[in-house]
Amino acid sequence: MDLRNPSFRLGRRGLLTGTALGLAAPAMLRAQGTAPIRIGEINSYTAQPAFLGPYRNGWLLAQERVNAEGGIHGRPLETLFRDDAGRPEDAVRIAGELVASERVALLGGGYLSHVGLALGDFALQNKVLYVASEPLTDALVWSKGNHYTFRLRPSTYMQAAMLVEEAAKLPAKRWATIAPNYEYGQSAVRWFKELLAKARPDVEFVGEQFPALGRIDAGATVQALERLRPEGIFNVTFSTDLLNFVRQGNTRGLFENRVVASMLTGEPEYLEPLGEECPDGWIVTGYPRDALNNPVHIALRDAYRARFGELPRCGSIVGYDTALAIATMLRKVGSTDTEAMVAGFKGLRYQTGYGTGEVEFRALDHQATLGAFVGRTRLQGRTGVMVDWRYADGANYLPPDEQVRRWRPQPG
Amino acid sequence: MTPVLQAQGLVKAWGGNRAVDGVSFELAPGEMLALIGPNGAGKSTCFNMLNGQLRPDAGTVRLGGRDITGWAPRAIWRQGVGRTFQVTATFGSLTVLDNVRMALLSHARRLLGLWQPAAGLMTREAEELLERVGMADQADRPCGILAYGDLKRLELAMALANRPRLLLMDEPTAGMAPAGRLALMSQTAAIARAAGIAVLFTEHDMDVVFNHADRVLVLDRGRLVAGGAPAAVRANPLVRQIYLGGMAD
Amino acid sequence: MSRCGAGVRSRADPALDTLVIQALNGLASASSLFLVASGLTVIFGVSRIVNFAHGSFYMLGAYLAWTLVSHGPLAGLGGFWGFWGGILLAALAIGLIGALAEMTILRRIYRAPELFQLLATFALVLVVQDLVLLFWGPDDKFGPRAPLLRGAVEILGLRFPRYELFLIAIGPVMLGLLWLLFHRTRFGILLRAATQDREMVAALGVDQRLLFTGVFFLGSALAGLGGALQLPREAVTIHMDMAIIVQVFVVVVVGGLGSLPGAFLAALLISELHAFGILAFPRITLVLVFLVMAVVLVLRPHGLLGREPEGAPPASEAGQPLPGPAPRWLRGLGWAALALLLALPPFLGEYPLILLADFAALVLFAASLHFIMGPGGMASFGHAAYFGAGAYAAALLARHLAAPMEAGLIAAPFFAGLVGLAFGWFCVRLSGVYSAMLTLAFAQIAWSLAFQWIEVTGGDNGILGVWPSEWARGRLAFWYLSLALCGLGVWLLRRAIHAPFGMALRAQRDSPLRAEAIGIDAFRIRWLAFALAAAAAGVAGSLFAYGKGSVFPSSLDIPRSVDALLMVLLGGVQTLSGPVLGAIAYAGLQEQLARLTDLWRLVLGLVILALVLFFPSGLAGALQRRRGA
């Protein structure tokens, strides 16, 4: 039984709305001549501009490249970028607009986890493909995963696992954690604790801090951590909270003679604003942009700088990769039929802009195996950089397939 | 016959200063009693203890023999006490008719109605009340634009809505031109007499007092210093000294 | 144990050193908070304007100081003068900007209904947000450390930043300076007099306009100084405005509106509780300030040091009379609109239907707030609590009991109404801004419950899969459902307004004194009205939830409450057509602009400013005036 039988859908929806024709009728791309393939992209542009400006640039760069090469079998890609202002309900409304009025073939984007989840659920309900680029929440592909949703970036679990691998090698036994007080922070802490305890049964977690996102009371928080006298600190704060935390921590000597493992801090987005405050020797996940000198990445970096007059950031690569993955899928499938595209994404392999090789969208849970770089921070001149880094392939930091199957709702 | 109102040893002090100091009096049904005294004598404080706005430090207030000391104003109102204010207080965004209607609806305990439009309720009764105070022709005007004397009469109509046995009128003619004062008070007296309503009022205007009061109480520095028929009070040398002397300033 | 040396023992004892340092941390935060709050309380005291833009001035102060200190000509000076000169210059510049805003915008709308100025200041917030983004870009900025105050000193063996010590001192110093200003200068004494009695000062023949401009200069400069002084301590970011504004409002209200010592005390209380609170309950960060505010306002309805307004409550400027039956042409227009809403949708695309359903829910939401704001005279800064309660009622039923939409729609008004009864019982006892802020406190407590009680509510990841029943799943069917329910809701509210209950509500608003004197129990009327409005908002919230298919804590957060407030004010509080028009105008504008431009906040802000200046009695008011003319 196939509820997605085109004539059935056409009949029902056509009756109700008189639109959606473009969506409902699967058609071979070539049959459509040179009309652009439209992608709807929804993100929190006004709420998170620091990350999402470079992200959109990266996306545009990939799209321009694809179109310069003749597009998808002769049809150019066209992306409609929309701002959700950080509100999931707005994102869902805009998704409705893009799908119904703008007739986009698929949806992409999402930065905040709850926006990603809302869009994922929208995709499920409306049988639209959604390629989540940024949202880190594990739920997106596991507990709330669905048939229509794929995710590019390494998730909270994966990033935590990468840091645990390094942290487990350290002598530190007494760990304290600090994370923003919302789902991302809470699950990062939970995974870090769980995985580290498994790897090192002798470690002990002596306390935690959960400042409100964007409103850290840095002095008091640093002192509260100091009081715990940990040997290691696991940090999940980012952006403004990170800057304030680091400045107070530096002044008060919180980081002296302590190891710190820190999520995302190696990304230029967060490292660059730190400037001279950049702490030395933190173990971080991130993106060593200036030292990543493989041919693919050098070319991308140069092209990006030539096009936008600035260097790419981690968000740029995420945007670039998302657009590239979508284009790769479209080329492979040769259709904008949702089911065909979903099938095309399962097991899709594309070349990441990092230049570290192929990335696969796993058929198992729709999570891409894109990795991150793990290294240490060091102040060079007036800004911090990542040193002693290596590429941690995402495929190696995912839980066993059996476990994933248990978490993810299985069809049927 | 049970007095309508009995005040017994009322005391109210503000930070050690006794504004009202042991005031006792009674009010007979249908009687018009004026409470007079120079500024700061404690008239308003006394008044506000009778109508429930202030709780006395000591003493009792009885209404028809029932102890109502410390009751909320709205509970006292339900016992059949109507009020007017020194500075008129009406509902500025409602029409004259609706103001009266509110009082009637409240009396009938129909304020929680959510369904029937108020415009259709108790209109006849409200018009009758307006008729009694001579305001029928202004029923549909918003009361925010009424002349002051008309506001006073509207207040009177509202005060009559619960068929009171007692009217408390704080400076009923304050802010009015002298001619209007006597007219308003005559009207009030006529209505009260016709319905057998007792009236307690404070007043500055001695013409109003001596023309309309059946009896006069004189308050000075928180104490009752004289009382009796208007003529007797007017003749009382003590009153002339402390009160009328003060007026001469 | 015996092998522990003396040094180890003292290290292992967390009591004294930690407590002292934590107390100092609290003091430093309190000073920062007080600086900004003092400006707000001074402005409110004199002008009675709820100035949302105060946080924007704080942010501008920080950005401007950053530029002056690290890039301007002053930066060339370097060192002491380069830094401190930049800080002071930034504060002065912000003072001038504040004065300018007062002269060009706010001065024109002092006569507008209460809280209307809030619209204008909110528009400023939007404008400033985009301007800052345009001028300074999205990246966080780190300022240099302060000359002479770098590094740390040792206190009880723990390091404490010198700059924080400086901040600790600056709070009381500023309080002292302000005290001198208010007690020893003519300007200050006039300001104080104006705080207590505006009319009296006008009667004294003082140029009120100068006084108001002066107070905006002073208040804004204090905000700017507060922002600039954060430079060595915190990163400068585009989110600073929103992060601080709610906090300083809490401080000002907890302290007692217009009271400087009160604000100081409140800043101290909140900061110290926070500093110590996180030692014991690290997760309390989200809700602590609101808990404090709720407790303080319940116990002291005018804040810690606030005074009850003297004398009788101000005779509220005569509210406009309830309009009579609309003229025939207008009623005709209404019926025509309804006919259109019924007949046209089958020919519309999916997206217009989605939008229409959204608008329907927002219209009911705004109308429910109007019910207590207009006829009731009670402002609410936390009306989203009931919208969210309705949404969560639907979502929780769907998630935990797999209940169908019909059950959710029935449960929503009851649940939201119950929440309204519970919160309202406290809120309606208070008046004015205090009451509004208490509603905000409760809304934030509800929000943090939705946010943190992950097992039940799913936390910030929300509850997914809240979809309508099969028959209503089509966009067209859902639109008719929305139209029916929201139309019914608005119509019932309208009936209530014209029924004895609504008249009693207006009566207690017009004259509490008279209402009490004719047996109206104002508390009960206000309380029931609050619950009724909450129930209506709950219906709107549940419909909104089914329209989106998911519910998140954002359905009861501050921006959603502010949206409702803006819709009502934009439309006008006088008649029920106000919130209807306001909701459509506000949501429609936002939707259209966001599609047209990245700078939609700037444009939206400018449009709101224009509307505020041209239609100071709201859109519906403008319509009415035209009708009357």
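The values are calculated or read from the model by the stated rules, or taken from the named source; none is laboratory data. These numbers come from a predicted model, not from an experiment. No Cβ is skipped: glycine too gets one built from the backbone with ideal geometry, and neighbour counts run over all protein chains shown.
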Quiz item: Does segment B:97-112 contain any residue that is more than 20 Å from B:PHE47 (Cα to Cα) and more than 14 Å from chain C (Cβ to nearest Cβ)?
Solution: no
Quiz item: Where residues in segment A:376-390 are of a type outside the set (A, V, I, L, M) and touching a Lys or Arg at 6+ places or on another chain (Cβ under 7 Å), which of them is farthest from A:ALA291 (Cα to Cα)?
Solution: A:GLY384
Quiz item: Looking at segment A:24-39, is at least one residue buried (at least 21 other Cβ atoms within 10 Å of the Cβ), within 30 Å of C:LEU604 (Cβ to Cβ) and either away from chain C (no Cβ under 13 Å) or at pLDDT 95 or above (or both)?
Solution: yes
Quiz item: Which numbered condition trips up C:ALA499, out of (1) facing another protein chain (nearest Cβ under 9 Å); (2) without any contact (Cβ under 8 Å) to a residue 12 or more places away in the chain; (3) under 21 Å from the mean Cα position of the chain (by Cα)?
Solution: (3)
Practice problem: Six or more apart or on different chains, Cβ under 7 Å: which pairs go from a residue in segment A:201-221 that's facing chain C (nearest Cβ under 7 Å) to one that's among the aliphatic types (A, V, I, L, M) and part of a loop (DSSP other than H, G, I, E, B)? Could you list them? | Solution: A:PHE210/A:ALA179
Quiz item: Between residues in segment C:514-531 that are acidic (Asp, Glu) and residues that are modelled with pLDDT under 95 and surrounded by fewer than 24 Cβ atoms within 10 Å (Cβ to Cβ), which pairs lie under 8 Å by C-beta distance while being six or more apart or on different chains?
Solution: C:GLU516/B:ALA72; C:GLU516/B:PRO73; C:GLU516/B:ARG74; C:GLU516/C:ALA522; C:ASP521/B:ARG74
Practice problem: Name every residue in segment C:507-521 that is facing another protein chain (nearest Cβ under 7 Å) and outside any loop (DSSP other than H, G, I, E, B), in order of residue number. | Solution: C:ALA507, C:ASP510, C:LEU513, C:ARG514, C:GLU516, C:ALA517
Self-check item: Those strands (runs of 3 or more DSSP E) lying entirely in segment A:171-235 with at least 2 residues surrounded by fewer than 19 Cβ atoms within 10 Å (Cβ to Cβ)
Solution: A:204-209
Practice problem: Please work out if C:LEU606 is assigned to a helix (DSSP H, G or I) and surrounded by fewer than 20 Cβ atoms within 10 Å (Cβ to Cβ). | Solution: yes
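Scan C:ALA243, C:ALA263, C:ALA267, C:ALA194 and give me the residue that is within 23 Å of the chain's Cα centre (by Cα), more than 14 Å from chain A (Cβ to nearest Cβ) and buried (at least 19 other Cβ atoms within 10 Å of the Cβ). Before the answer, list the steps.
Working: C:ALA243 fails: more than 14 Å from chain A (Cβ to nearest Cβ); C:ALA267 fails: more than 14 Å from chain A (Cβ to nearest Cβ); C:ALA194 fails: within 23 Å of the chain's Cα centre (by Cα).
Being within 23 Å of the chain's Cα centre (by Cα), more than 14 Å from chain A (Cβ to nearest Cβ) and buried (at least 19 other Cβ atoms within 10 Å of the Cβ) holds for just one of C:ALA243, C:ALA263, C:ALA267, C:ALA194, which is C:ALA263.
Quick one: which helices (runs of 4 or more DSSP H) lie wholly within segment C:363-475 and hold at least 3 residues that are in contact with a strand residue (DSSP E or B) (Cβ under 9 Å, 6 or more places away or on another chain) and in contact (Cβ under 8 Å) with a residue 60 or more places away in the chain? Walk me through it before giving the result.
On the way: elements: C:384-401, C:405-427, C:432-452, C:454-457.
Where helices (runs of 4 or more DSSP H) fall fully within segment C:363-475 and carry at least 3 residues being in contact with a strand residue (DSSP E or B) (Cβ under 9 Å, 6 or more places away or on another chain) and in contact (Cβ under 8 Å) with a residue 60 or more places away in the chain, they are C:384-401.
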Quiz item: Among the residues of segment C:448-478, how many are within 12 Å of another protein chain (Cβ to nearest Cβ), of a type in the set (A, V, I, L, M, F, W, C) and within 27 Å of A:LEU140 (Cβ to Cβ)?
Solution: 8
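What about A:ASP121, is it of a type in the set (Asp, Glu) and part of a loop (DSSP other than H, G, I, E, B)?
Answer is no for this residue.
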Quiz item: Counting only residues that are closer than 23 Å to B:ARG62 by Cα and either outside any loop (DSSP other than H, G, I, E, B) or more than 8 Å from chain C (Cβ to nearest Cβ) (or both), how many does segment B:76-96 have?
Solution: 9
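Those residues that are of a type in the set (S, T, N, Q) and either closer than 15 Å to C:LEU513 by Cα or within 14 Å of the chain's Cα centre (by Cα) (or both), I need them from segment B:45-85; list them, please.
From segment B:45-85, those of a type in the set (S, T, N, Q) are B:45, B:48, B:51, B:53, B:60, B:69, B:79, B:84; that's our starting set.
Answer for segment B:45-85, where residues must be of a type in the set (S, T, N, Q) and either closer than 15 Å to C:LEU513 by Cα or within 14 Å of the chain's Cα centre (by Cα) (or both): B:THR45, B:ASN48, B:ASN51, B:GLN53, B:THR84.
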Self-check item: Residues of segment C:93-121 classified as crowded, with 18+ Cβ neighbours inside 10 Å and part of a helix (DSSP H, G or I), total
Solution: 15
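What are the residues in segment B:126-140 that are touching a residue at least 24 places away in the same chain (Cβ under 8 Å) and either more than 11 Å from chain C (Cβ to nearest Cβ) or buried (at least 16 other Cβ atoms within 10 Å of the Cβ) (or both), if any?
Residues of segment B:126-140 touching a residue at least 24 places away in the same chain (Cβ under 8 Å): B:126-127, B:129-130, B:132-135, B:138-140.
Correct list: B:ALA126, B:GLU127, B:LEU129, B:LEU130, B:ARG132, B:VAL133, B:GLY134, B:MET135, B:GLN138, B:ALA139.
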Quiz item: So, in segment A:249-268, of the ones that are buried (at least 24 other Cβ atoms within 10 Å of the Cβ) and part of a helix (DSSP H, G or I), which residue ends up modelled with the lowest pLDDT?
Solution: A:THR251
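Kindly check whether there is at least one residue in segment B:66-77 that is at positive phi, modelled with pLDDT of 90 or more and either assigned by TED's automatic domain parsing to the domain that holds B:LEU168 or not small (Gly, Ala, Ser) (or both). Explain how you work it out, then say what you get.
Kept after step one, since they are at positive phi, are these residues of segment B:66-77: B:70.
When the remaining residues are screened for being modelled with pLDDT of 90 or more, the result is none.
No, segment B:66-77 contains no residue that is at positive phi, modelled with pLDDT of 90 or more and either assigned by TED's automatic domain parsing to the domain that holds B:LEU168 or not small (Gly, Ala, Ser) (or both).
Conditions tested, residue by residue: (1) closer than 28 Å to C:PRO553 by Cα; (2) free of Cβ contacts under 8 Å to residues at least 60 places away in the same chain.
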{"residue": "A:PRO36", "(1), (2)": "no, yes"}
{"residue": "A:GLN48", "(1), (2)": "yes, no"}
{"residue": "A:ARG82", "(1), (2)": "yes, yes"}
{"residue": "A:ASP90", "(1), (2)": "yes, yes"}
{"residue": "A:ALA100", "(1), (2)": "yes, no"}
Quiz item: Looking at C:VAL250, C:VAL236, which is the one that is buried (at least 24 other Cβ atoms within 10 Å of the Cβ), in contact with a strand residue (DSSP E or B) (Cβ under 7 Å, 6 or more places away or on another chain) and within 14 Å of chain A (Cβ to nearest Cβ)?
Solution: C:VAL236
Exercise. Specify the residue that is farthest from the chain's Cα centre (by Cα); the eligible residues are those in segment C:117-149 that are facing chain A (nearest Cβ under 8 Å) and closer than 30 Å to C:LEU24 by Cα.
Key: C:PHE142
